[in-house]
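As C-alpha cells, the structure follows; a few thoughts come after it.
Nothing in this text is a laboratory measurement; each read-out follows from the coordinates by a stated rule. What you are looking at is a predicted structure, and each value in this text was computed from that prediction instead of being measured. Because the Cβ atoms are built from the backbone with ideal geometry, glycine has one as well, and the counts that use them run over all protein chains shown.
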Amino acid sequence: MRFPGATHLVILSRGKAKEALEWTRGVLGRLGLTLNEQKTSIRNARKERFDFLGYTFGPHFSRRTGREYIGYSPSKKSVNRVRQNVGEHLTPSHVASWEEVRDG
C-alpha cells in the first residue's frame with residue numbers, strides 16, 4: 001500500500017543504523033506501509049553530506065573559524081530554484097514599479 005500523504009523521515013543513530021532501518025521497516029510493515037527503497041539509504045553524517053527537504057546536512061566548515069562542524073545549509077537545488085525565480089522577476093527589461101515586479 002502506498003501512503004498518499006508521503007512522509008519524509010530521517011533517523012539519527014549512533015552506530016545502530018542498520019538495526020534502526022530494519023526496525024522501521026518492521027513497524028511500517030505492520031501498518032501496511034513500505035519504504036521507498038530507491039530513496040532509502042544509510043549515511044554517516046559525520047563524514048558525508050545528504051540532502052533532505054531542501055537542506056544539506058553533514059560536515060560544514062565555519063567561515064569565521066575555519067573549523068569543521070556538523071550542520072545544515074540550504075541545498076544547491078533549493079538555492080538554484082530561488083536564483084532562477086529571482087532572475088525571472090529581476091531582469092533589466094523589467095522596468096515596472098517595485099510593487100508590480102514584486103506582485104508578479
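Of the listed pairs 18/77; 16/77; 18/47, which have alpha-carbon separations greater than 19 Å here?
Working: 18/77 28 Å; 16/77 30 Å; 18/47 17 Å.
Over 19 Å apart, Cα to Cα: 18/77; 16/77.
Helix 17-30 and the longest principal axis of the Cα set of the chain meet at an angle near 90°.
How high is the relative contact order of the chain? Use alpha-carbon pairs under 8 Å, at least six apart in sequence, and give a whole percent.
Values: 77 pairs, mean separation 14.6, N = 104.
Rounded, it is 14 percent for the chain.
Largest mean-square fluctuation among 25, 81, 63, in a Gaussian network model of the chain whose springs join Cα atoms under 10 Å apart, belongs to 63.
Hey, in the GNM for the chain with a 10 angstrom Cα cutoff, which one of 16, 39, 47 fluctuates hardest? Of the options given, 39 has the highest mean-square fluctuation.
Here the Gaussian network model covers the chain, with springs between Cα atoms less than 10 Å apart; of 48, 37, 19, 37 fluctuates the most. From helices alone, the chain scores -10000 deg cm²/dmol at 222 nm; the rule is -39500 (n - 2.57) for each run of n ≥ 4 DSSP H residues, then divide by the residue total.
Axis angle, to the nearest 10 degrees, between helix 76-89 and the longest C-alpha principal axis of the chain: 20 degrees. Computed extension length for residue 33-residue 8: 7.7 nm, one decimal, from 0.36 nm per residue of separation with the Cα-Cα distance subtracted. Ordered by the count of other Cβ atoms within 10 Å of each Cβ, fewest first, 98, 23 give 98, 23.
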